[in-house]
Amino acid sequence: MRYTQMLGACALAALIAGCATPSGGDEIVLTGSKAEAADNGRAPPPPPPPMSAPQAISITGSRIAATEAGDATSAASVAGASYRYFPPVFVPSPPSRDRYDGEEVSPVRLVADEPVSTFSVDVDTGAYANARRFISEGQLPPKRAVRTEEFINYFRYDYPRPDSPAQPFTVNTDVAASPWNADARLLRIGLSGYDMPAQERPPANLVFLLDVSGSMASADKLPLVKTAMRQLAGQLSARDRVAIVVYAGAAGLVLEPTSDERKIRDALDKLEAGGSTAGGAGIELAYRVAEVGRIEGGINRVILATDGDFNVGTSDRDALVELIEKKRESGVSLSVLGFGRGNLNDAMMEQVADAGNGNYSYIDSALEARKVLGDEMGATLFTIAKDVKIQVEFNPAVVGQYRLLGYENRALREEDFDNDAVDAGDIGAGHQVTAIYEIVPAGAKGWIAVRRYEDEPDARARDLAAEAAFVKLRYKRPDGETSQLLSHVVPASALRNAMAPRGDFAFAAAVAAFGQKLRGDALLESYSYPQIAALAGPQRDFWRQQFLELVKTADTLE
């Protein structure tokens, strides 16, 4: 009877705790969920084997193989196990339809062949803000999206400012040794515009031309457009007027000219995205509204906010540029704010802004909207000089070779400099323009080898050997038609005594190097991103600190 009970208990214990059938008369006692063996005077059973070392598991194809040096049997059993393989799922994303039209890096020029360099100023900043967006999202920008001059001109430098509007801007030049080429020098030309106080600013007649088509529905487009326009509306005075024109499949006026900030904000809040993109019709209507509300002696400007994806009516870039060139004759200028990604028509927006005597900015965040339309509103809206051109003539007795960093799509012919009929860039209140040449002194090792039949500098060049370069500028007053000339001599001693760039100049050189490196400039190939960051040096300004972080991030993406 006792043995029968023991057998029954063992069976129950086996079901609960995996106990083996008793042998040799062991008594099984159940305590909770654990089966304990009572000692009947015999030696206790041996302890369980120690835990084996963790197995190294490798995945090959659809099978998991386990190997263990100390337990071949266990490894074989795991290695033989077959598991179902689930292939990775790739979610297709639509290809980017962004359009860029950047130029190739400008070539080196021999002073003996081309001593004169002529270009239009550029105050656009869109390329830098767009590149920042790319890098912040974990990828380098397309090379054609980078315009070095817009990187340089995104920042403010320590140039002295003019004291009165009688002198619209100051002209500054300085020379330093090139950080990436021991045989070269950097020549910096800087213009700093008169910063017009609020009480001196003329009244503004503004037309917000807003793209509300279906392509503007994403969070980085129309919602950000509204934020940007609210920033600008908050900066206007009672003398200023704002009208709002929108376009999708067609164009329409949604707000008559008003100075009431609340009405402007209410009209913005009601906008929704949908439909196709009749940008040409929107531009036509916006100019008509601006012309009807024209303020004599004031600022008359259309501000276009779009991703540039025009697909209805006048959508060809050349046709749009021609349309805006005609419209600017009415005295109404056009500035462009670019938004979004995926179908960003950067090429069209930059050229349209240039044709409209305005500037192009890319808005990638509310911070950038505040910078462009808040902190720098005067530069965005109020023109202090128009058709500004720069011409530099190098002395072949002092300078052998040169190249201009950026400004490829701003190049002018030498004869265009004195021709007042040739359009050029405008400078707004407080704007700055910086251009950097990399030059090789005569006789030093340059990028181009010495030619066998190269001519010696003529007597005139040798007589003026104290001059390295002659810098000339032409500009017109905002309401003028005849240009005025300024000139400045760069002494040859500046090249001989050039030291490594420091402070503000070092930062400008770092920004130029960053732009050129992103463009794939072969002459900066060996100059690394860490070297660019070191050249820029520690910064206290928010935007400059952000630049340093972009350089460091780009280094991890290359």
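Structure data summary
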read-out: Compactness relative to 2.2 N^0.38 Å, alpha carbon Rg of the stretch 209-326; value: 1.04
read-out: Which listed pairs, of K143/K445; K143/K226; K221/K371; K221/K270; K472/K517; K327/K476, have C-alpha distances above 23 Å, in listed order; value: K143/K445; K143/K226; K472/K517
read-out: For the stretch 434-494: span of alpha carbons on each principal axis (Å, largest first); value: 52, 25, 24
read-out: Positive-end residue of A385, N359, A369, charge dipole of the stretch 342-392 with Cβ unit charges; value: A385
read-out: Modelled FRET efficiency - R0 25 Å, V489 with E456, Cβ distances, 0.05 increments; value: 0.65
read-out: Inverse mean reciprocal Cα-Cα distance (Kirkwood Rh) of the stretch 319-404, Å; value: 15.5
read-out: 13 Å Cα-Cα reach of K386 towards aspartates and glutamates, excluding residues that sit fewer than 8 places from it in its own chain; value: D122, D354, D420, D423, D426, D479, E481
read-out: Charge tally in the Cβ shell below 14 Å around E414, where Lys, Arg are +1 and Asp, Glu are -1, E414 excluded; value: -1
read-out: For q = 0.11, 0.14, 0.16, 0.17 Å⁻¹, Debye-computed log10 I/I(0) when each Cα of the stretch 120-271 counts as one equal scatterer; value: -0.70, -1.00, -1.14, -1.18
read-out: Size of charge dipole - the stretch 212-354 - debye, nearest 20, with Cβ of Lys, Arg +1 and Asp, Glu -1, no other charges; value: 460
read-out: Other-chain or far-sequence residues with amide H under 5 Å of A250's (modelled H); value: A278
read-out: Paramagnetic label zone (point 7 Å from Cα along Cα-to-C-beta, D174; backbone N under 17 Å) in the stretch 537-558; value: 537-541
read-out: Inter-part distance where the stretch 210-233 and the stretch 486-538 are each reduced to a Cα centre, Å; value: 37
read-out: Zone of E114's modelled label, taken as backbone nitrogen in the stretch 159-182 under 17 Å from a point 7 Å along Cα→Cβ; value: none
read-out: Kirkwood-based Rg to Rh ratio, the stretch 374-433, C-alpha trace; value: 1.07
read-out: With eigenvalues of the C-alpha gyration tensor scaled by 5 and rooted, the stretch 92-190, Å; value: 31, 21, 15
read-out: Potential lengthening between I448 and T556 on full extension [0.36 nm per residue; Cα-Cα distance subtracted]; value: 35.6 nm
read-out: For the stretch 228-299, with +1 on Lys and Arg beta carbons and -1 on Asp and Glu, the positive-most of V289, Y247, I299 along the dipole; value: I299
read-out: Dimensionless Rg/Rh of the stretch 216-284 - Kirkwood Rh, Rg from C-alpha atoms; value: 0.97
read-out: For the stretch 519-558, convex hull of alpha carbons as volume per residue, Å³; value: 72
read-out: The stretch 438-553: proportion of alpha-carbon pairs further apart than 19 angstrom, %; value: 67
read-out: Built amide H within the under 5 Å cut-off of F382, gap 5+; value: A429
read-out: Ratio Rg/Rh, restricted to the stretch 383-496 and using Cα atoms, in which Rh is the Kirkwood radius; value: 1.03
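We did not get these values from a lab; they are worked out from the coordinates using the rules stated. Note that the coordinates shown come from a computational prediction; the quantities given were computed from them, not determined experimentally. Here the Cβ is made from the backbone with ideal geometry for all residues, glycine too, and neighbour counts use every protein chain on show.
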